[in-house]
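What follows is calculated from the coordinates using simple rules that are stated; it is not laboratory data. From a predicted model like this one, the values you see are computed outputs, not experimental measurements. Cβ: placed from backbone, ideal geometry, glycine included. Neighbour counts: every protein chain shown.
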Amino acid sequence: MLITYVGSMSYFLGIEVKRNHTLGIISLSQSQYISSILNHFDMLYFKQICTPLPTTCKLSLDDAPKTTKEPFEMEND
């Protein structure tokens, strides 16, 4: 088996990969994939809306419901 280095990865399975070596950050984006889906269904120029959560929101297992009643209680918050 021969493995060849062809440079830094920029796309993988429809996901754009950007790396900042200085800060040690890897960013993943599916904007091109999403645009192709919207274009396929003639929705590319539909009105945009904001996301319901801030893009910087970090979720953890501590946020998940612990009982069967909690999801219903969370709905009412």
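Name the single residue that is farthest from residue 55 (Cα to Cα) among those in segment 8-24 being of a type outside the set (S, T, N, Q) and over 15 Å from the mean Cα position of the chain (by Cα).
Per the stated criteria, the residue is 9.
Picking from 9, 74, which residue would you name as being part of a loop (DSSP other than H, G, I, E, B) and either among the β-branched types (Val, Ile, Thr) or surrounded by 11 or more Cβ atoms within 10 Å (Cβ to Cβ) (or both)?
Only one candidate qualifies: 9.
The rows are residues; the columns are (1) under 14 Å from the mean Cα position of the chain (by Cα); (2) surrounded by 10 or more Cβ atoms within 10 Å (Cβ to Cβ); (3) farther than 30 Å from residue 7 by Cα; (4) acidic (Asp, Glu).
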residue: 26; (1), (2), (3), (4): yes, yes, no, no
residue: 37; (1), (2), (3), (4): no, yes, no, no
residue: 47; (1), (2), (3), (4): no, no, yes, no
residue: 66; (1), (2), (3), (4): no, no, yes, no
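In segment 50-64, which residue that is over 23 Å from residue 27 (Cβ atoms) and not small (Gly, Ala, Ser) is farthest from the chain's Cα centre (by Cα)?
62
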